[in-house]
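Presented below is the structure to which this report refers.
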Amino acid sequence: MKKILVVEFSQTGQLSAVLDALLAPLLADGSGVVVVRERLQPRPAYPFPWPFWQFMDAFPESVAGESPELAPLSVEASGDFDLVILGYPIWFLSPAPVLMGFLRSAAGRQLIKGKPVVTVTACRNMWLMAQEVVKQELTAAGANHRDHIALVDRGSAFATFITTPRWLLTGRKGAFWGFPAAGVTAEDIAGSRRFGLALREALRNDEEKQNAPMLHGLRACVVDDRLIASEKVGKRSFRIWARLLRALGRPGAPLRRAALVFYLVFLVCLILTVLPVSMLLKAALRPLLCKKLAAARSYFEQPSGSDSSRLALFNE
Ligand SMILES: Cc1cc2nc3c(=O)[nH]c(=O)nc-3n(C[C@H](O)[C@H](O)[C@H](O)COP(=O)(O)O)c2cc1C
């Protein structure tokens, strides 16, 4: 029997639904696998739907990677697993702080040290910078990062700019006024089963002991190269503002709240003025930057890649 540890955090249940679909083939009779699911629990729990100011106030700590207190893990830190799956959503271009809490804890590091790790994210559309942080943490903990699965909302950048905050701030997820429903589609969630089928096969062949991706050829990790530059610039600006806001006080502090209002106004102005110009510029420069963009896309799609050569093998 092979043992898999699944460490996850999901506020609305979206990421857990992805993991349910992925894990189904591994939980089926005769899979030869034991699955242990560890759901990370912040104390106190984050609210959902989010009150607006609490949502904004979560920004500095998310970017700084500061975790709230977590409930003790139910799994023993000394547990010995053949494979670890880490599932996390993206918050403000960063891994949800709860995952950072796990990755920086002594127990978390002990559990993943020397182990093959598969990371899974389900978010709006911007996960690149967050995954860079997770990769650094995995390296620091001595884990062996083997695969990454990224699921995103299929709506356009404009549509999801409206539908994602509406979902998070009101709890309403459905389609409205010509906008699509928020979140990863049910079809994409169900399609995550292919990763479970591929992992089951890989574990049967002891592939977790080799040093290569197990989920290649399954469109696990498709990067939209139009978002690479925006994410890099956004993350740089987020880091500066997060540092400033944290210097002004703890969450809820009046001075920090005032600066947050200023930042919001600044962001809206930026989105209305600089963003359209930079989009035009990017479109104009695209033919010149073709090679550079392709190299960047290929880098961010590692280790699992975006090709579909093995899709037909795992579509049962
Ligand atoms: C505070 C907060 C910030 C978020 N920031 C981002 C972001 O920067 N990029 C992104 O693609 N999605 C972002 N999202 C959406 C989440 O990644 C995720 O899709 C959503 O919260 C549902 O995930 P869950 O229910 O599995 O936790 C954010 C969500 C929250 C709550």
For the stretch 1-16, the count of residues that are surrounded by fewer than 21 Cβ atoms within 10 Å (Cβ to Cβ) and either near the ligand (Cβ under 9 Å from one of its atoms) or of a type in the set (Phe, Trp, Tyr) (or both) equals 6
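Do we have Arg219 as closer than 22 Å to Gln54 by Cβ and among the basic types (Lys, Arg) here?
no
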Picked from the stretch 166-209 (must be among the β-branched types (Val, Ile, Thr) and in a helix (DSSP H, G or I)), the residue farthest from the ligand (Cβ to nearest atom) is Thr170
Gly234 meets each of (1) within 13 Å of the ligand (Cβ to nearest atom); (2) assigned by TED's automatic domain parsing to the domain that holds Ala17 with one exception, condition (2)
Pairing a residue in the stretch 263-278 that is β-branched (Val, Ile, Thr) with any residue that is in a helix (DSSP H, G or I), where Cβ atoms lie under 9 Å and the two sit 6 or more apart in sequence or on different chains, gives Ile271/Phe161
Original post:
So is Asn211 in the same structural domain as Met126 (by TED's automatic domain parsing), out of contact with any Cys (no Cβ under 7 Å at 6 or more places or on another chain) and modelled with pLDDT under 95 or not?
Top reply: yes
Closer than 21 Å to Pro68 by Cβ and either modelled with pLDDT of 95 or more or surrounded by 18 or more Cβ atoms within 10 Å (Cβ to Cβ) (or both): is that true of Ala141 in this structure?
yes
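Filter the stretch 66-122 down to residues that are polar (S, T, N, Q) and within 16 Å of the ligand (Cβ to nearest atom) and give me whichever is surrounded by the fewest Cβ atoms within 10 Å (Cβ to Cβ).
Ser67
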Scanning the stretch 17-46 for residues that are within 13 Å of the ligand (Cβ to nearest atom) and crowded, with 20+ Cβ neighbours inside 10 Å, the one farthest from the chain's Cα centre (by Cα) turns out to be Leu40
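For every residue, the table says whether it meets (1) touching a strand residue (DSSP E or B) at 6+ places or on another chain (Cβ under 6 Å); (2) assigned to a loop (DSSP other than H, G, I, E, B); (3) in contact (Cβ under 8 Å) with a residue 60 or more places away in the chain.
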{"site": "Val36", "(1), (2), (3)": "yes, no, no"}
{"site": "Trp50", "(1), (2), (3)": "no, yes, yes"}
{"site": "Trp53", "(1), (2), (3)": "no, no, yes"}
{"site": "Val63", "(1), (2), (3)": "yes, no, yes"}
{"site": "Pro72", "(1), (2), (3)": "no, yes, no"}
{"site": "Ile85", "(1), (2), (3)": "yes, no, yes"}
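The values are calculated or read from the model by the stated rules, or taken from the named source; none is laboratory data. Since this is a predicted model, take the numbers as computed values, not measurements. With ideal geometry, Cβ positions are generated from the backbone for all residues, glycine too; neighbour counts draw on all protein chains shown.
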